[in-house]
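Asker: Take this structure first; my questions come after.
The values are calculated or read from the model by the stated rules, or taken from the named source; none is laboratory data. Because the structure is a prediction, the values reported are computed rather than measured. Cβ: placed from backbone, ideal geometry, glycine included. Neighbour counts: every protein chain shown. Note: areas computed on protein heavy atoms with side chains; ligands, DNA, RNA excluded. Shrake-Rupley method; radii C 1.70, N 1.55, O 1.52, S 1.80 Å.
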Amino acid sequence: MTEDIKVRVGTSGNVFADLGLSNPEERLLKAELASLISSLIEQKNLTQMQAAELLGIDQPKVSALTRGRLSGFSTARLLRFLNALGNDIEIVVKPKPDNRSEAKITVVSLDAPSLGYNQGKKRA
């Protein structure tokens, strides 16, 4: 038995907003931070147990984090994990361009070409 899968093209640039979920900007930010954390764990060849010790959490939480189950993680906590993995974090606040109706949050990784993540480019 085959079931057709319906695909819809998003219009907002944020899958969480397109799905009508609450707090879409925060969800996207957390997803991008978690993706970067997962990439760093992989790049450093850490096991989940080693990552757990480094991040100060237990292994099941590392598993949840790397699988995108982020409800138990605040943005601040994810930022602390990035610090624990040896990364500086710089937050820049700037006016939005006049041609965009709403301000947005983006994650930019400047020094991550070996991670294959962002490579110095903004992710909307």
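Asker: For the stretch 1-59, give me the residue count where each residue is hydroxyl-bearing (Ser, Thr, Tyr) and either touching a helix residue (DSSP H, G or I) at 6+ places or on another chain (Cβ under 6 Å) or at pLDDT below 90 (or both).
Answerer: The number of residues fulfilling the criteria is 5.
Asker: Find the residue count for the stretch 13-43, including only residues that are more than 15 Å from residue 79 (Cα to Cα) and either open to solvent by less than 40 Å² (accessible area, probe 1.4 Å) or out of contact with any Leu (no Cβ under 7 Å at 6 or more places or on another chain) (or both).
Answerer: The number of residues fulfilling the criteria is 13.
Asker: Please go through the stretch 3-52 and give me each residue that is touching a Pro at 6+ places or on another chain (Cβ under 7 Å) and hydrophobic (A, V, I, L, M, F, W, C), ordered by number.
Answerer: Of everything in the stretch 3-52, those that are touching a Pro at 6+ places or on another chain (Cβ under 7 Å) and hydrophobic (A, V, I, L, M, F, W, C) turn out to be 16, 17.
Asker: Could you check how many residues of the stretch 5-52 are under 24 Å from residue 109 (Cα atoms) and part of a helix (DSSP H, G or I)?
Answerer: So the answer is 27.
Asker: Let me ask something else. When the stretch 49-79 is examined, which residues are found to be among the charged types (D, E, K, R) and either open to solvent by less than 50 Å² (accessible area, probe 1.4 Å) or within 17 Å of residue 31 (Cβ to Cβ) (or both)? Outline the logic, then answer.
Answerer: To start, the set of residues in the stretch 49-79 that are among the charged types (D, E, K, R) comprises 53, 58, 61, 67, 69, 77.
Within the stretch 49-79, 61, 67, 69, 77 qualify.
Asker: A further question on this structure: Which of (1) out of contact with any Leu (no Cβ under 7 Å at 6 or more places or on another chain); (2) open to solvent by 40 Å² or more (accessible area, probe 1.4 Å) does residue 89 not meet, given it meets every other one?
Answerer: In the conditions (1) out of contact with any Leu (no Cβ under 7 Å at 6 or more places or on another chain); (2) open to solvent by 40 Å² or more (accessible area, probe 1.4 Å), residue 89 misses (1) alone.
Asker: Taking the stretch 1-21, which residues are over 17 Å from the mean Cα position of the chain (by Cα) and closer than 23 Å to residue 71 by Cβ?
Answerer: Within the stretch 1-21, 10, 12, 18, 19, 20 qualify.
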